[in-house]
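Each remark here refers to the structure printed beneath this line.
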């Protein structure tokens with residue numbers, strides 16, 4: 001079986017080499033569906049976890065905040081550890097895919113338990129707290145495994161920069177579809193319930209939601225693992241070669257051929273994707289490998305080791321924008337960089353706005369605005385759709401106005417939405433649709449722009465870029481969990497079944513003041529510590545130039561000196577001044593009429609200058625200087 005699998009794998013490797021290492025459309029789709037389980041679970045976590053724990057499980061507000069806090073801290077702590085272990089893993093199945101399997105198992109096991117009421121109301125509060133903290137920690141660990149392995153697989157399977165961008169675009173589109181799927185399924189499940197409000201009797205609807213999400217995500221994960229073949233890592237190739245050759249027998253000539261064949265059958269990823277090498281370095285290494293293979297083959301062709309002309313051209317056309325070898329900042333330099341802390345503060349404020357407003361919107365709708373239970377499904381759907389449309393406008397705004405102005409526009413929309421949430425009355429609650437659209441647009445513009453700010457900060461420093469993302473992401477998770485814990489601790493509601501007007505107003509303040517405050521902080525920090533960059537249209541500049549011609553033949557004037565090099569500046573006059581060109585200038589204009597405009601209205605030359613200076617000035621005044629070959633008077 002191993003030989004058969006190796007045979008098919010070698011055939012697929014050969015096909016990939018001869019196709020220029022381009023991914024098929026089916027492979028791109030298979031990669032995109034590998035993160036669907038995470039996307040579905042994340043939408044449910046941020047949108048419904050708090051309302052489920054407080055209304056259905058009837059966990060106290062302080063314990064609910066503690067569950068969210070420890071879950072976020074687990075995610076922040078485990079993410080860098082998982083990244084390190086992911087890079088150091090050696091596995092025949094694939095170091096990225098094996099961690100994807102581990103994470104998928106953890107998520108598939110923990111997520112249904114998170115939304116299933118296995119512990120009844122008669123259980124103690126401490127038992128409930130311990131149960132949900134353990135399940136939340138396991139879920140966050142698995143979620144981080146899937147996320148890191150899925151993202152780190154892009155450089156392994158994608159060769160060109162365009163393929164990387166395309167894979168990220170597919171993942172973003174599927175993430176949007178996952179949000180629509182979650183909210184539509186929730187809408188249907190809540191609509192089938194006979195309860196007027198969300199209560200403990202609706203635990204079955206949330207249980208069905210958990211099973212539907214896990215079932216859908218599991219099917220997508222199977223498609224991902226069947227359709228994606230991860231190339232072996234360098235460590236795996238070294239281990240396979242040492243195991244195959246035994247006691248250093250690879251030094252013998254015959255076994256060395258087999259070693260080269262193994263490397264050809266299992267081609268490692270391009271060095272530039274792992275070490276930051278430029279395309280020139282990559283091509284040099286490839287040429288060396290091909291030369292070695294030719295030397296050891298002694299004239300015998302190896303079809304696996306050779307590349308056709310089409311593949312070679314496609315490889316040479318790769319545009320690599322990775323960092324230069326040996327460049328970039330060290331971790332200590334990043335830790336002392338004030339720019340990282342400024343951009344990190346803006347990003348953390350943005351994530352706080354998005355997370356808090358998304359998590360407490362269902363409570364605001366049901367407790368403060370007195371909407372029906374289905375509102376917790378279709379209002380988040382409005383926020384999601386408007387956010388996606390708003391994100392498409394970020395790129396042209398960045399080109400025209402720069403990142404600072406674009407972020408300020410999004411922050412002002414977010415602050416306006418928070419103020420609208422604060423003054424909204426129950427009688428005019430239909431206006432919440434517009435407020436939700438403003439909230440989704442502002443949050444989306446802020447989030448996309450903050451990501452671009454981090455990308456601009458890292459630049460071409462690919463070597464330590466992961467450290468910057470990990471450092472900022474860690475504090476994002478910790479601060480988000482701490483804010484949720486504080487909000488839940490200050491909640492005055494003691495009994496979830498009792499009416500509490502003060503508690504309803506507290507939800508109004510949380511939904512409006514907390515997101516509005518962090519958005520305002522981000523707005524002020526960007527306005528104070530970031531410079532505006534406007535992208536202006538380029539204007540053509542006029543400079544003096546040297547023209548070398550035979551003026552005796554052009555002007556026909558014996559008093560004029562022989563050919564030489566002269567420079568002159570053009571003197572502009574008013575449009576009302578007459579412009580009388582002599583026969584020499586008119587002839588030159590007629591001869592150059594095919595290449596540039598020589599109208600009298602646009603060329604206000606001095607009427608009395610008919611010498612060499614006027615001719616040079618006429619040539620210099622053109623918006624696009626003509627070729628010297630047009631008048632056939634240029635001395636070469």
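The values are calculated or read from the model by the stated rules, or taken from the named source; none is laboratory data. Quick caveat: nothing in here was measured; it's all calculated off a predicted structure. Don't worry about glycine lacking a Cβ; one is built from the backbone with ideal geometry, like all the others, and counts go over all protein chains shown.
General remarks:
- Residue match in segment 190-198 (condition: buried (at least 19 other Cβ atoms within 10 Å of the Cβ), more than 16 Å from residue 50 (Cα to Cα) and out of contact with any strand residue (DSSP E or B) (no Cβ under 8 Å at 6 or more places or on another chain)): yes
- Per-region count, segment 159-199, residues at pLDDT 85 or above and either closer than 21 Å to residue 146 by Cβ or assigned to a helix (DSSP H, G or I) (or both): 18
- Test: residue 4 is surrounded by 17 or more Cβ atoms within 10 Å (Cβ to Cβ), part of a helix (DSSP H, G or I) and either assigned by the TED database to the domain that holds residue 212 or modelled with pLDDT under 90 (or both): no
- Residue ID - farthest from residue 457 (Cα to Cα), chosen from residues in segment 525-539 that are modelled with pLDDT of 50 or more and more than 25 Å from the chain's Cα centre (by Cα): 539
- Residue match in segment 215-233 (condition: part of a helix (DSSP H, G or I) and at pLDDT below 75): no
- Among the conditions (1) within 22 Å of the chain's Cα centre (by Cα); (2) surrounded by fewer than 20 Cβ atoms within 10 Å (Cβ to Cβ); (3) within 25 Å of residue 95 (Cβ to Cβ), the only one that residue 159 does not satisfy is (2).
- Number of the condition not met by residue 247 [criteria: (1) modelled with pLDDT under 95; (2) in the same structural domain as residue 101 (by the TED database)]: (2)
- Answer from 102, 185, 77 - the residue that is farther than 30 Å from residue 444 by Cβ and surrounded by fewer than 21 Cβ atoms within 10 Å (Cβ to Cβ): 102
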